[in-house]
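S.K.: Handing you a structure now.
The values are calculated or read from the model by the stated rules, or taken from the named source; none is laboratory data. Owing to the predicted nature of the structure, the values given are computational and were not obtained by experimental measurement. All Cβ positions, glycine included, derive from the backbone under ideal geometry; neighbour counts span all protein chains shown. In case anyone asks, the SASA skips ligands and DNA or RNA and just uses the protein heavy atoms, side chains included. Shrake-Rupley method; radii C 1.70, N 1.55, O 1.52, S 1.80 Å.
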Amino acid sequence: MDYDVIVIGGGINGCGIANDAAGRGLNVLLCEKNDLASGTSSNSTKLIHGGLRYLEHYEFRLVKDALAEREVLLKNAPHIIWPLRFILPHRPHLRPRWMIKAGLFLYDHLSKRTTLKGSCGVSFDSLSPLNEKMTNGFEYSDAWVDDARLVVLNALSAKAKGATIKTQCACLRAERNKEGWLVTLQDNILQTTSAVSCKVLINAGGPWAGKLFDNIIEAKAPQNVRLVKGSHIVVPKIHSGNEAYILQNEDQRIVFIIPYEEQFSLIGTTDVEVNQDPAEIDISDDEVEYLINVTNKHFKRSISRNDIVHTFSGVRPLLDDESSSAQAITRDYTLELDANNINAPLLSVFGGKITTYRKLAEAAINKMYRFFPSMGESWTKNSPLPGGDFNTSSDLKNDLQKKYAWLDVKIIERYVRSYGTISYKILESCKNMGDMGYDFGEGLYFKELEYLVREEWVLSVEDLLWRRTKLGLLITDKQEAAIDVAIQNISQHDLVLEKELA
């Protein structure tokens, strides 16, 4: 048997499961047909939150679990997750004050808060960025996350614990036999196929989980999934504060306005049910107009299509609970274990949200005791993710500034909120700016690029500019071309070296 567990899917659930399993001593392979976090997991609204609006659908347990996980993740990944204050303007004709106050009371008390402030009422004066008609509202706390980096950090942790992480590696077929599973993989770069075996197969395909049953496992899926598209636009920052806004709309949906990468505002999301290939999803004209109109109803500064610098859409694979509308579908998850063939169990993940990924992964691997009775206990709740082993961001920033006084403070600040203590690994051989190598622009130097290619599975410009970093918002076409050449040169060099060593 080559592996104990093979995980199909390199999104947040797949990488979280691989990390949990590897940390318990299981021999794990994760395969992802594209890049890590290339689907839903890099196209979220980038929030770690309980889900205030889920209370309206009586999802009390889900909200309670998510609020508890919010505290765990803030502690374990302080470099890529940090507190964010939200302002909710009150619009009496949409939701009465008593309803919002009751919801915020539950939000404050369903789970213990140790790092975040509670909710309160607020009044808006003439300096508020909101329209004059908005005179009062509420404030509460949740958290921001760099979603794609959360996925990559889980993969890095899994790798450090012995897991094999293969990106650009498609699963072509999975067949049960007397000993377990025989899995056929295709390397998309080399266009070669190989066969590996495992005891347990885990389907963490996200929006493609059902397709895996149809095309690869060739069995009936135990759950139906409804695909709901959430789209976002990015515009130059429309307010100067560090707080986010949660806007109510007449259709009972909500839209977030979130400070994004210092210079921008992230606006989203929509809830549109779709029936097409998730890989082909894009924002529609109607969604763009919807997000612009909701924003302009609330803010003094109007935006238009000409202000949009970037858009993205993600497809959330939600459990089919027969809800009548997309926004009412549960964000909860279920784990389906098919162990009719005890020698070749199949575990499938359906639904879920990024905030509860760790709890989902822990529950998934807990189901493995039946097949691996000697594996270790759960461990992820109190273990920092790579780069998260520091006290405060200010302390880390100050230490980096002392050690690398020659490095621009803006670069240090970005390193702290992207890499945490991994920054020392990137900079370990550098004594001056010359040691950083070629300057590609916008604070990206060869040293960082080299680290991302060799350690974080970067194989393309898109991997680097939109998932490992968000520098795609700033980099020019000419700079992008130079980055592409550098990535390909390092990749080709390492591939030749790997073949020689083999």
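S.K.: Does at least one position in region 185-197 carry a residue that is modelled with pLDDT of 95 or more, in a strand (DSSP E or B), within 21 Å of Lys33 (Cα to Cα) and within 23 Å of the chain's Cα centre (by Cα)?
M.R.: no
S.K.: Sticking with this one: Between a first residue in region 368-383 that is under 14 Å from Gly16 (Cβ atoms) and a second residue that is modelled with pLDDT of 95 or more, which pairs have beta carbons less than 6 Å apart while being 6 or more apart in sequence or on different chains?
M.R.: Every condition considered, the pairs that remain are Ser378/Glu362; Trp379/Gly23; Thr380/Asp20; Thr380/Arg358; Lys381/Val72.
S.K.: Separate question: Do we find a residue being among the aliphatic types (A, V, I, L, M) and modelled with pLDDT of 90 or more anywhere in region 315-332?
M.R.: Yes: one or more hits.
S.K.: Please go through region 168-181 and give me each residue that is outside any loop (DSSP other than H, G, I, E, B), farther than 30 Å from Ser460 by Cα and open to solvent by 50 Å² or more (accessible area, probe 1.4 Å), ordered by number.
M.R.: Glu175, Arg176
S.K.: For region 402-502, give me every one of the helices (runs of 4 or more DSSP H) that falls completely inside it and has 1 or more residues that are touching an Asp or Glu at 6+ places or on another chain (Cβ under 9 Å), touching a residue at least 60 places away in the same chain (Cβ under 8 Å) and of a type in the set (Gly, Ala, Ser).
M.R.: 409-419
S.K.: Does any residue of region 149-166 turn out to be outside any strand (DSSP E or B), more than 15 Å from Ile17 (Cα to Cα) and not basic (Lys, Arg)?
M.R.: No, region 149-166 contains no residue that is outside any strand (DSSP E or B), more than 15 Å from Ile17 (Cα to Cα) and not basic (Lys, Arg).
S.K.: Exactly one condition in (1) open to solvent by 60 Å² or more (accessible area, probe 1.4 Å); (2) farther than 22 Å from Lys33 by Cβ is not met by Gln248; state its number.
M.R.: Only one criterion is unmet by Gln248, namely (1).
S.K.: Output the strands (runs of 3 or more DSSP E) that fall wholly within region 1-102 and possess 1 or more residues being among the basic types (Lys, Arg), or say none.
M.R.: It comes to 81-89.
S.K.: Could you run through region 354-401 and say how many residues are assigned to a loop (DSSP other than H, G, I, E, B) and not acidic (Asp, Glu)?
M.R.: 17
S.K.: Name the residue, out of Gly162, Gly205, Gly137, that is buried (at least 20 other Cβ atoms within 10 Å of the Cβ) and out of contact with any Pro (no Cβ under 7 Å at 6 or more places or on another chain).
M.R.: When all the criteria are applied, what remains is Gly205.
S.K.: Is it the case, given these coordinates, that Lys220 is over 25 Å from the mean Cα position of the chain (by Cα), modelled with pLDDT under 95 and not in a strand (DSSP E or B)?
M.R.: Spelling it out, Lys220 is indeed over 25 Å from the mean Cα position of the chain (by Cα), modelled with pLDDT under 95 and not in a strand (DSSP E or B).
S.K.: Given the criterion under 30 Å from Arg53 (Cβ atoms), open to solvent by 30 Å² or more (accessible area, probe 1.4 Å), modelled with pLDDT of 95 or more and of a type outside the set (Val, Ile, Thr), identify the matching residue among Lys402, Lys359, Lys367.
M.R.: From the options Lys402, Lys359, Lys367, the qualifying one is Lys359.
S.K.: Could I ask something else about it? Please go through region 9-66 and pick out each residue that is on the phi > 0 side of the Ramachandran plot and either touching a strand residue (DSSP E or B) at 6+ places or on another chain (Cβ under 6 Å) or not hydroxyl-bearing (Ser, Thr, Tyr) (or both).
M.R.: Those that are on the phi > 0 side of the Ramachandran plot and either touching a strand residue (DSSP E or B) at 6+ places or on another chain (Cβ under 6 Å) or not hydroxyl-bearing (Ser, Thr, Tyr) (or both): Gly9, Gly25, Ala37, Lys46, Gly51.
S.K.: Looking at Ile87 and the list (1) under 19 Å from Ala143 (Cα atoms); (2) buried (at least 19 other Cβ atoms within 10 Å of the Cβ); (3) under 21 Å from the mean Cα position of the chain (by Cα), which single condition is not satisfied?
M.R.: Looking at each condition in turn, Ile87 falls short on (3).
S.K.: Would you tally the residues in region 332-353 being in a loop (DSSP other than H, G, I, E, B), in contact with a helix residue (DSSP H, G or I) (Cβ under 9 Å, 6 or more places away or on another chain) and crowded, with 22+ Cβ neighbours inside 10 Å?
M.R.: 3
S.K.: Considering only region 12-40, how many residues are basic (Lys, Arg) and either within 20 Å of Glu377 (Cα to Cα) or without any contact (Cβ under 8 Å) to a residue 40 or more places away in the chain (or both)?
M.R.: Total satisfying the criteria: 1.
S.K.: Filter region 270-286 for residues that are open to solvent by 10 Å² or more (accessible area, probe 1.4 Å) and closer than 9 Å to Gly230 by Cβ and give the result.
M.R.: Selection gives Asp271, Val272.
S.K.: Are there any pairs, at least 6 apart or on different chains, whose C-beta atoms fall under 6 Å, with the first in region 41-57 and closer than 15 Å to Ser313 by Cα and the second at pLDDT below 95 and hydroxyl-bearing (Ser, Thr, Tyr), and if so, which?
M.R.: Partner pairs satisfying both residue conditions: Thr45/Thr269.
S.K.: Among the residues of region 31-54, which ones are open to solvent by less than 20 Å² (accessible area, probe 1.4 Å), hydrophobic (A, V, I, L, M, F, W, C) and either touching a Phe, Trp or Tyr at 6+ places or on another chain (Cβ under 7 Å) or closer than 17 Å to Leu153 by Cβ (or both)?
M.R.: Leu36, Ala37, Leu47, Ile48
S.K.: Let me ask something additional. Filter region 234-251 down to residues that are among the small types (Gly, Ala, Ser) and part of a strand (DSSP E or B), then give me how many there are.
M.R.: 1
S.K.: Still on this structure: Could you give every pair whose Cβ atoms fall below 6 Å, whose first residue belongs to region 222-233 and is open to solvent by 10 Å² or more (accessible area, probe 1.4 Å), and whose second residue is assigned to a strand (DSSP E or B) and at pLDDT 95 or above, counting only separations of at least 6 or pairs across chains?
M.R.: Here the result reads Lys229/Ser313, each pair linking region 222-233 to a residue that is assigned to a strand (DSSP E or B) and at pLDDT 95 or above.
S.K.: Picking from Glu480, Glu455, Glu462, which residue would you name as being under 26 Å from the mean Cα position of the chain (by Cα), within 30 Å of Gln191 (Cβ to Cβ) and open to solvent by less than 70 Å² (accessible area, probe 1.4 Å)?
M.R.: So the residue among Glu480, Glu455, Glu462 that is under 26 Å from the mean Cα position of the chain (by Cα), within 30 Å of Gln191 (Cβ to Cβ) and open to solvent by less than 70 Å² (accessible area, probe 1.4 Å) is Glu455.
S.K.: What about Ile258, is it free of Cβ contacts under 8 Å to residues at least 40 places away in the same chain, assigned to a strand (DSSP E or B) and within 23 Å of the chain's Cα centre (by Cα)?
M.R.: Spelling it out, it is not the case that Ile258 is free of Cβ contacts under 8 Å to residues at least 40 places away in the same chain, assigned to a strand (DSSP E or B) and within 23 Å of the chain's Cα centre (by Cα).
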